[in-house]
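The values are calculated or read from the model by the stated rules, or taken from the named source; none is laboratory data. Computed from a predicted structure; not experimentally measured. Positions of Cβ are backbone-derived with ideal geometry, glycine not excepted, and every protein chain shown enters the neighbour counts. Accessible surface areas use protein heavy atoms only, side chains included; no ligands, DNA or RNA. Shrake-Rupley method; radii C 1.70, N 1.55, O 1.52, S 1.80 Å.
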Amino acid sequence: MLKAQIAVLVSGGGTNLQQLLDAEQDGRLTHGEIVLVISDHADAYALERAEKRHVTTAIVEKKECADQKEFEQRILALLAQKHIDLIVLAGFMTILSADFTNQWPRRIINVHPALIPSFCGKGYYGLKVHEAALDYGVKVTGATVHFVNEVPDGGEIIMQKAVDVLPGDTPEILQRRVMEQAEWILLPAATELVAKTMIEDKEKAND
Ligand code: GAR
């Protein structure tokens, strides 16, 4: 069966990557195949998760590049080598330029740990998102998977799931609950949905 070739871009622990790898292994991700994991941090634990599953890994660090353009060109070259169809940002902490995202319309998805349009955009990443939600005092937060365009966290929403904020929550406790109850469910489901649409479109085009 034809499968969308997927690259996952990561920066850190990679629990969302793990969920994608598990989804592929246990048959929830059937229309896509994770063939490349790129990290912008050499010490990201996500790289070990990929290696354990024999997925090709690559490191592209900003400090090794003259500027954002070179950083993105190196990533684009790796994507081309592997004939990637779909890019999944799973805890990738770099904002991609319009130059990059315009080359990949509706072919990049991202998981964000809040209900967009709350607590999103430049400066809202990782634990900072949950700190902001707690500071504001919202009683419900959640996660969003969306297409990536030139506006940080501004692309079309694919899936969202709400998660309760509970008394006594710290940013770390809330982050974990949002991951368990929302991100880890949504990201594999949205990846499968987008991969399936891509494959169906390819098959129609070949008819
Ligand atoms: C996740 O909560 C993800 O939603 C968030 O960083 C965490 C990465 O965890 N991403 C962003 O904030 C992107 N703006 P992980 O490395 O364990 O998947």
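Key figures
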read-out	value
Yes/no for ASP153 being closer than 21 Å to GLU192 by Cα, charged (D, E, K, R) and out of contact with any helix residue (DSSP H, G or I) (no Cβ under 8 Å at 6 or more places or on another chain)	yes
Among (1) in contact with a Phe, Trp or Tyr (Cβ under 6 Å, 6 or more places away or on another chain); (2) farther than 29 Å from ASP99 by Cα - the single one GLY27 does not satisfy	(1)
Region 111-153, subset among the small types (Gly, Ala, Ser) and touching a strand residue (DSSP E or B) at 6+ places or on another chain (Cβ under 8 Å), residue nearest to GLN18 (Cα to Cα)	ALA143
Search result, residues across region 132-143 that are farther than 8 Å from VAL165 by Cβ, away from the ligand (no atom under 12 Å from the Cβ) and part of a helix (DSSP H, G or I)	ASP135, TYR136
Selection status of GLN175, surrounded by fewer than 17 Cβ atoms within 10 Å (Cβ to Cβ) and either more than 9 Å from the ligand (Cβ to nearest atom) or part of a helix (DSSP H, G or I) (or both)	no
Top-ranked residue in region 129-153 [being surrounded by fewer than 20 Cβ atoms within 10 Å (Cβ to Cβ) and within 14 Å of the chain's Cα centre (by Cα); ranked as farthest from MET179 (Cα to Cα)]	ASN149
Sole exception among (1) modelled with pLDDT of 95 or more; (2) assigned to a helix (DSSP H, G or I); (3) open to solvent by 50 Å² or more (accessible area, probe 1.4 Å); (4) out of contact with any strand residue (DSSP E or B) (no Cβ under 7 Å at 6 or more places or on another chain) for GLN181, by number	(4)
Hey, GLY168 assigned to a loop (DSSP other than H, G, I, E, B), at pLDDT 95 or above and either on the phi > 0 side of the Ramachandran plot or open to solvent by less than 80 Å² (accessible area, probe 1.4 Å) (or both) or not	yes
From the options GLY32, GLY27, GLY91, residue that is within 12 Å of the ligand (Cβ to nearest atom) and of a type outside the set (A, V, I, L, M)	GLY91
